[in-house]
1. Could you grab the relative contact order for segment 4-96? Cα pairs under 8 Å, six or more apart, rounded to a whole percent.
2. Can you compute the modelled spin-label distance between residue 86 and residue 111, with each label point 7 Å from Cα toward Cβ, in nm?
3. Could you give the nm distance between label points at residue 94 and residue 77, where each point is 7 Å from its Cα heading toward the beta carbon?
4. Show me 7-19, 35-47, 84-96 ranked by packing, highest mean number of other Cβ atoms within 10 Å first.
Amino acid sequence: VIVTVAMLALIGMLALVLDGGFAYAARRSAQNAADAGALAGANVLCGLQTGNVYNTAWEYTVTRNHADDADVVIGTSSVQVTATVIHDSFFAGIFGQDTVTVTAYAEAGCYTRVLPQSYHASRRAAHCVHRHRPKAWRMM
């Protein structure tokens, strides 16, 4: 009985370490996808590239950076992207947790460069502003 309880505790710790580590890696992947989508959408919104803002942000988030889902919100001067990555769990599946879902948030917008008076610059640029929400990952 003691060996069985110890084995379950050891498997639980192994699940926490391995699945937790992969959740952090998936979180980094989700953040990269959200950043790329927000910057690409902001480039279109600011007039640095042509195209549709929503489609460009979605393409860079989901298609090019392999997020499973994306929520794109377009404001007057910024693009907000929330990327979702779903990763299969390894040992947590034993306890009924088959997947780990992580999300990441990024916002990019247009701004006018502030330079010394002797230099004139009227060109607008996209700038990524990282506004991180609390870590949102859950076992499903």
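Here, each number is a calculation from the coordinates, and none is a lab measurement. Source: prediction; values computed, not measured. Cβ sites come from the backbone with ideal geometry, for glycine too, and all protein chains shown count toward neighbours.
1. The normalised contact order for segment 4-96 reaches 33 percent.
2. Going from the residue 86 label point to the residue 111 one covers 3.6 nm.
3. 5.5 nm
4. Ranked by mean Cβ neighbours within 10 Å, highest first: 35-47, 84-96, 7-19.
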